[in-house]
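This report concerns only the one structure given below.
The values are calculated or read from the model by the stated rules, or taken from the named source; none is laboratory data. Since this is a predicted model, take the numbers as computed values, not measurements. Every residue, glycine as well, gets a Cβ built from its backbone with ideal geometry; the counts of neighbours run over all protein chains shown. Heads up: the accessible areas ignore ligands, DNA and RNA and are worked out on the full protein's heavy atoms, side chains in. Shrake-Rupley method; radii C 1.70, N 1.55, O 1.52, S 1.80 Å.
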Amino acid sequence: MKKSNVAVLVLTFVVTIFSSSFVQAFELVTREMMEKEIVTETDLIRTVDNFIVLFDTSGTANDMVPGRTVSKIQATKEFLKMRNSWLPELGYNAGLYIYTDNKTLAGSFHELYGMQPYDRANFGAAINALPDKGEGPAMLRPGLSALRKVVAGLSGRTAVIMFTDGRTSDTRGPKKPVEIAREIAEDNDVCFYLISSATEDTQEKLLEAISSVNACSRVIPLHRFLDNPHYLGGALFTVRTTSYARLRPTTKVVGAIADDILFDFDSFAIPERYNDQLDKIGNYMKDNPETYVVAAGFSDSAGDPEYNLALSKIRARRVRDYLVRNFSIDEDRIVLLWFGSQNPVADNATSEGRQRNRRVEIAVGGI
């Protein structure tokens, strides 16, 4: 899907989050730059073929989101409405299910939008049908069991976005939630995005264990997920910029762009030559507490795809750890995404191309 936009629209994706253009280290973008017309060609690259939303309607979903005056069930429902309003229609198959025992809707696994081609209007109607108040016990184990049947007939990669606090009232059955999740991941190309509102250590450990069934799965705290749209965007698509107009610097800062950080083969150690760039980013974030960073890890195509995906995750983490350790940046201000060998910026058939693909792309937002 290609579009031609002026520079103001470039900032919609945090100054072209995943730009394939090279710039000098960390560079600020100013008002006059953005007032000039800049024609940019971008592709939205679908990273999964299917997505499934599992919605929690148990009684604990009535608890307030920490720091807010809204319940978890109301906040997540409104979040889904807002994200659905701009999600690009890239040919996904989608499903929306309630997996907890809500008496208003029959059964502990209720289909509101059965797996079918994603349609914004119809999916939005399904979101509107979600209850505003939770009731009944949490059903994590049977919910995962029912999920197995949904994903069994799907082809391609599937993102499972599951809202949960890690509780499971139903302990019957021979298999535990982690075992069921592992079997699903082994039999299907599935990535779990566990949107966690867990408050107890046991619940947090359970969700971490489920997210460890493969390299692409992860746990995202609910408050971070609600505050930053890039978590959902990164789960379903990424952005590739293929052209970039020349900009003229002035005084008012409205954005920032940075060099890709390139890594040696099979390495996640940040080369020292990037310390100056990361120091500039760290100092800028420290001086501008409203800003945040999106760090996206990639690898070349050599070797096992699952290993490369895990390696790209560690590379993104190392960038986060550098900023946290050296500049005391709050982790909530650093969004991590990782894609393995997806979306190469150069030819993997050459050593030079593979070097450019072993990277972490950095974008600074909130400016």
Legend entry - Reachable aspartates and glutamates from Lys286, criterion Cα separation under 13 angstrom, eight or more residues apart if same chain: Asp330, Glu331
Legend entry - Bridge type composition, the range 253-367 - antiparallel percent by DSSP, nearest 5: 65
Inset, instruction - Find, among the trypsin sites (Lys or Arg not before Pro) in the range 133-202, those assigned to loop by DSSP (not H, G, I, E, B) with at most 10 other beta-carbon atoms within 10 angstrom. - result: Arg172
Inset, instruction - Let me know the number of lysine pairs in the range 65-216 closer than 15 Å at the Cα, not counting same-chain pairs under 8 apart. - result: 5
Legend entry - Exposure ranking of Arg224, Arg358, Arg318 by accessible area [1.4 Å probe, largest first]: Arg318, Arg224, Arg358
Inset, instruction - At 1.4 Å probe size, with no ligands or nucleic acids counted, give the accessible surface of Lys313 in Å², nearest ten. - result: 40
Inset, instruction - Subtracting the Cα-Cα distance from 0.36 nm times the residue separation, let me have the gained length for Lys149 to Met82 in nm, one decimal. - result: 21.3 nm
Inset, instruction - Take the solvent-accessible surface of the protein heavy atoms, probe 1.4 Å, and return the percent of it on the range 208-367 that carbon and sulfur atoms account for. - result: 48
Legend entry - Added length on full extension, which subtracts the Cα-Cα distance from 0.36 nm per residue, Asn288 to Ser328: 13.1 nm
Inset, instruction - Sort Ser58, Ser267, Ser212 by accessible area with a 1.4 Å probe, largest first. - result: Ser212, Ser267, Ser58
Legend entry - Under 18 Å from the His223 label point (7 Å along Cα→beta-carbon), backbone N, the range 44-78: 61-76
